[in-house]
């Protein structure tokens, strides 16, 4: 699937929606914050961060990208996720949270990377982390 046909903001919105569309708005914002923080810290584009292998599980199966994009645009949380994505895609965006990672304990076992991280927030079913300094 050629991902270049989708604008960065739509990739970010679909990522937020697929990862946290069923979560409270604050949880959706925090997923956006992880994307923004990773992009800023690595000097990469939001698109590259979202689509990096094994980073956001919704994109682990790239063959479903067309379906994922169509499905997310119909999701009840799409407009909120799109608004969050438009914000984090702004060049001057400054995240309010340091979070760079998260996971949902109800959906997966505790990942090994958590050992080197500090918990910064819990919203809905997600726990958000940043590297210990």
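Annotations
- Taking the longest Cα principal axis of the chain as reference, the axis of helix 78-88 is set at about 70 degrees.
- The tail of the calculated P(r) for the range 42-87 beyond 15 Å holds 54 percent of all Cα-Cα pairs.
- Put simply, when 87-95, 33-41, 50-58 are sorted by average Cβ atoms within 10 angstrom per residue, most first, you get 33-41, 50-58, 87-95.
- Distance between the modelled labels on residue 93 and residue 48, one decimal in nanometres: 1.6 nm (7 Å Cα→Cβ projection).
- Cα shape, the range 82-133, gyration tensor, a/c 1.5 rule: oblate
- The length gained on full extension between residue 41 and residue 133, counted as 0.36 nm times the residue separation minus their Cα-Cα distance, comes to 31.7 nm.
- For the range 16-102, the gyration tensor built on C-alpha atoms gives an oblate shape. Its axis ratio a/c (a ≥ b ≥ c) is at least 1.5, and a/b is not larger than b/c.
- Extension gain (nm, one decimal) between residue 79 and residue 114, 0.36 nm per residue minus Cα-Cα: 9.5 nm
Computed from the coordinates by the stated procedures, all read-outs in this text should not be read as laboratory data. Quick caveat: nothing in here was measured; it's all calculated off a predicted structure. So basically every Cβ, Gly included, is an ideal-geometry build from the backbone, and we count neighbours across all protein chains shown.
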